[in-house]
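The values are calculated or read from the model by the stated rules, or taken from the named source; none is laboratory data. Predicted model only: the values in this text are computed from it and were never measured. Please note: Cβ atoms are built from the backbone with ideal geometry, for glycine as well, and neighbour counts cover all protein chains shown. Areas reflect the complete protein model, heavy atoms only, side chains present, ligands, DNA and RNA absent. Shrake-Rupley method; radii C 1.70, N 1.55, O 1.52, S 1.80 Å.
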Amino acid sequence: MIFGASLLLTTVLSAEEATRKIVVFKNGVSEATKITALENFGAKVVKIKDIPFINAVVVNMAQDSEMSLSANTAVEFVETDYYENWLEAVGEDDLREFQTTIQEPQVLPWGVNRIDAEKAWRKTAGRQIRIAVVDTGCGPHPDLRIWGGASVVSYTESYSDDHYHGTHVAGIIAAIDNEFGVVGVAPRVRLYAVKVLNGFGSGFVSDVIEGLQWCVRNKMNAINMSIGTYMNYQTMKLTVEAVNRAGIVQVAAAGNSGGEQVIYPAAYPPCLAISATNKDNEIAYFSSTGPEVDFSAPGQYVFSTIRRNRIPGYGILSGTSMATPHVTGTAALIITMPDPNGDGVWSPAEVRERLKKTATDLGDEGKDNLFGYGLIDAQRAVR
Ligand SMILES: [Ca+2]
Ligand SMILES: [Ca+2]
Ligand SMILES: [Ca+2]
């Protein structure tokens, strides 16, 4: 955290004196009032960026200024903008069998097969649905068609993947149905890469929030968040609630703690929280569980697209990060179908309800802490 914060410090403040903060203003506060509130502190508060979506400003601030800024009548609250790792690797199951040779012929990954996505394609493959992968960036990769995206990380404008996580997630949703490689759950969707994490899988919470702001402005239909933290940020919670009100489906990884603790944002009610199953339809040993889990999907030994050290290839990863995009892809398939109440729009609540009605119950009867409402079934979801 110290390292990340220090990268952005100006000469005005030293590392010991300053902390990066998100200042959330009250509703209806004018831009002029915001500027005045910050300018009162002179060199002790240095603005980094605005996040209008939650009426916030990110600043570097002298620690002795926080109390008085929080007390300003225009300010709702002030929260620390931590830099942290948003990816939780699954120990020995991290990146296996990485290959740069072209995989021919195309294989149907076991997870896509297990949820019967390939049987749903007779009806729909997700055509024209806009899906954002909020992650380390995606591709470029010959088995992915990326329609657009954004980078909110400070060091680059490029939304290409500087890690390999985002590309793997993207392939599970949307790898192209062609002669080689793999095929995703919804191979006709429009995939957007929203890079909020760097090559180490780390970023500021304000970067993740800014990425979600981009998704709303660019009218995404669904957002995949195979990322998370144990920190319960008020700003992140506000953002997820606002994205939900904007009508966008949010799907998030429950976490890889192996215990009863669902990470954020998955644990926030608007998000669909996804646990991971193995090839025997058991809960994966690493999967986080808990009452917040909504659904489960295949997440162990998942074969998908990889881009590593700028070389495209394929490889196997395990995690609730891999389970999550199976659900996001299924949501995309659902959204192409006629919506239940006929207003022409699938609300996040309607998508949740459809997934709930069509999931395969596993474990204890009914909703449980391991599988939520059960294993996703893409074929039934679009029936
Ligand atoms: Ca392919
Ligand atoms: Ca509707
Ligand atoms: Ca159950």
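Would you confirm whether or not the range 53-75 contains a residue that is under 26 Å from the mean Cα position of the chain (by Cα), open to solvent by 60 Å² or more (accessible area, probe 1.4 Å) and touching a residue at least 12 places away in the same chain (Cβ under 8 Å)?
Within the range 53-75, not a single residue is under 26 Å from the mean Cα position of the chain (by Cα), open to solvent by 60 Å² or more (accessible area, probe 1.4 Å) and touching a residue at least 12 places away in the same chain (Cβ under 8 Å).
Looking only at the range 221-242, count how many residues are open to solvent by less than 10 Å² (accessible area, probe 1.4 Å) and closer than 17 Å to I335 by Cα.
Matching residues across the range 221-242 total 3.
When you check G313 against the structure, is it touching a residue at least 24 places away in the same chain (Cβ under 8 Å) and in a strand (DSSP E or B), yes or no?
Yes, satisfied.
Kindly list the number of the only condition in (1) part of a strand (DSSP E or B); (2) more than 17 Å from L333 (Cβ to Cβ) that fails for N178.
Here N178 meets the rest and fails (1).
Consider Q213 carefully, then state whether it is touching a residue at least 24 places away in the same chain (Cβ under 8 Å) and under 25 Å from I335 (Cα atoms).
Taking the combined requirement at face value, the residue satisfies it.
Report yes if G372 is out of contact with any Leu (no Cβ under 7 Å at 6 or more places or on another chain) and more than 16 Å from ligand 1 (Cβ to nearest atom), otherwise no.
yes
Output the residues belonging to the range 270-288 that are within 20 Å of V133 (Cα to Cα) and either of a type in the set (A, V, I, L, M) or surrounded by fewer than 24 Cβ atoms within 10 Å (Cβ to Cβ) (or both).
Result: P270, L272, A273, I274, A276.
So which of A273, A266, A252 is in a loop (DSSP other than H, G, I, E, B), touching a residue at least 40 places away in the same chain (Cβ under 8 Å) and touching a strand residue (DSSP E or B) at 6+ places or on another chain (Cβ under 7 Å)?
That would be A266, the only listed residue that is in a loop (DSSP other than H, G, I, E, B), touching a residue at least 40 places away in the same chain (Cβ under 8 Å) and touching a strand residue (DSSP E or B) at 6+ places or on another chain (Cβ under 7 Å).
Suppose the filter is modelled with pLDDT of 90 or more and closer than 20 Å to L212 by Cα; does A56 pass it?
yes
Report whether or not L375 is farther than 21 Å from G228 by Cα, assigned by TED's automatic domain parsing to the domain that holds A120 and of a type in the set (A, V, I, L, M).
yes
For G166, all conditions in the list (1) in a loop (DSSP other than H, G, I, E, B); (2) in contact with a Cys (Cβ under 7 Å, 6 or more places away or on another chain) hold save one; what is the number of the exception?
(1)
Yes/no matrix, rows are residues, columns are (1) surrounded by 24 or more Cβ atoms within 10 Å (Cβ to Cβ); (2) acidic (D, E); (3) farther than 20 Å from I263 by Cβ:
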{"site": "S154", "(1), (2), (3)": "no, no, yes"}
{"site": "D161", "(1), (2), (3)": "yes, yes, yes"}
{"site": "V169", "(1), (2), (3)": "yes, no, no"}
{"site": "D177", "(1), (2), (3)": "no, yes, yes"}
{"site": "G184", "(1), (2), (3)": "yes, no, yes"}
{"site": "N198", "(1), (2), (3)": "no, no, no"}
{"site": "G201", "(1), (2), (3)": "no, no, no"}
{"site": "F204", "(1), (2), (3)": "yes, no, no"}
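For residues in the range 338-378 being closer than 16 Å to A120 by Cα and polar (S, T, N, Q), which is farthest from ligand 2 (Cβ to nearest atom)?
T360
Output the strands (runs of 3 or more DSSP E) that fall wholly within the range 46-99 and possess 3 or more residues being over 16 Å from V24 (Cβ atoms), or say none.
Filter on the range 46-99 gives 83-85, 96-99.
Within the set of pairs 6 or more residues apart or between chains, which connect a residue that is over 21 Å from I209 (Cα atoms) and among the β-branched types (V, I, T) inside the range 130-150 to a residue that is assigned to a strand (DSSP E or B) and open to solvent by less than 10 Å² (accessible area, probe 1.4 Å) with Cβ atoms less than 7 Å apart?
I146/L191; I146/A193
Per-residue answers, yes or no, for (1) away from ligand 1 (no atom under 16 Å from the Cβ); (2) open to solvent by less than 10 Å² (accessible area, probe 1.4 Å); (3) part of a loop (DSSP other than H, G, I, E, B):
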{"site": "S296", "(1), (2), (3)": "yes, yes, no"}
{"site": "S321", "(1), (2), (3)": "yes, no, no"}
{"site": "T324", "(1), (2), (3)": "yes, yes, no"}
{"site": "P340", "(1), (2), (3)": "yes, no, yes"}
{"site": "V345", "(1), (2), (3)": "yes, no, yes"}
{"site": "E353", "(1), (2), (3)": "yes, no, no"}
{"site": "K357", "(1), (2), (3)": "yes, no, no"}
